[in-house]
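Comments concern the structure below.
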Amino acid sequence: MPFDTRPPRCSLVNVETGESIGCLFNPTQLAEKVQVNWNRLTVPGLSHQVLQYQSTGNREFGGVEFYLDRVFAAEQPGDVDIMDFRAFLRALTVPPESTEGVAATAPPRTLLVWPGVLTVEAVLTSVEFQYRQFGNDGRVMVYAATVGFEEILDVRVTSETLREEV
């Protein structure tokens, strides 16, 4: 890859509306966590607990940091406003206006697309904004959004399916 060529950028898609937003910078690291849940059965007189498989938890991606810089954004094609990214993330934390009823009322799902690294449908479990630099006029110049994602699955996953993933 030539020195001046950037890798494909990570993007987020609101699955409900189809709206997407690209990241100015790809996250510098990604941690993936999967928890396996076991029932601990106690048998009287047995020296140990018997472990019985219960389920596998959803994949979690915690602490994914998106870095936004107003000066860098101004150098990009188009009219990039770093606060649009903040608004996009905040909109993924509350239900849309059109939802009715307890079962349907939930924040929209998010498609996290990072070409060559990851594509996963998830929900936001947390978001934290750290405002790191302000301009003379009080506007935010640099901030980081640290996001937690949890995968949403609508189909059964088997060990064979996971072995086929590339």
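Since every read-out is calculated from the coordinates, none of them should be taken as a lab result. Source: prediction; values computed, not measured. Cβ coordinates were reconstructed from backbone atoms using ideal geometry, including for glycine residues, and neighbour counts include every protein chain displayed.
Build a GNM of the chain with springs between Cα atoms under 10 Å apart, and of Gly135, Gly18, Gly101 the one that fluctuates most is Gly101.
3J(HN,Hα) along the range 133-147: 8, 10, x, 4, 8, x, 5, 6, 9, 9, 8, 10, 10, 9, 10 Hz, from the Karplus curve 6.51 cos²θ - 1.76 cosθ + 1.60 with θ = phi - 60°, whole Hz, x for Gly and Pro. Label point of Glu165 set 7 angstrom out along Cα-Cβ; within the range 113-135, amide nitrogens under 18 Å from it belong to 113-125. Comparing mean-square fluctuations of Val140, Val117, Val50 from a GNM of the chain with C-alpha springs under 10 Å, the top value falls on Val50. Contact order for the range 1-92, expressed relative to its length and based on alpha carbon pairs under 8 Å spaced 6+ residues apart, stands at 23 percent. Annotation: for a label point projected 7 angstrom from Cα along Cα→Cβ of Gln35, residues of the range 151-166 with backbone N closer than 18 Å are 151-153. In a fully extended conformation the segment linking Phe25 and Thr158 would gain 44.5 nm over its present Cα-Cα distance, using 0.36 nm per residue. Three principal axis extents of the range 11-164 based on alpha-carbon atoms, in descending order, are 72, 36, 32 Å.
Would you please give the FRET efficiency between Val94 and Glu65, computed as 1/(1 + (r/R0)^6) with r the Cβ-Cβ distance and R0 = 25 Å, to the nearest 0.05? With a Förster radius of 25 Å, E is 0.70. If you line up the long axis of helix 82-91 against the longest principal axis of the chain, both from Cα atoms, how many degrees apart are they, to the nearest 10? Once rounded, the angle reads 30 degrees.
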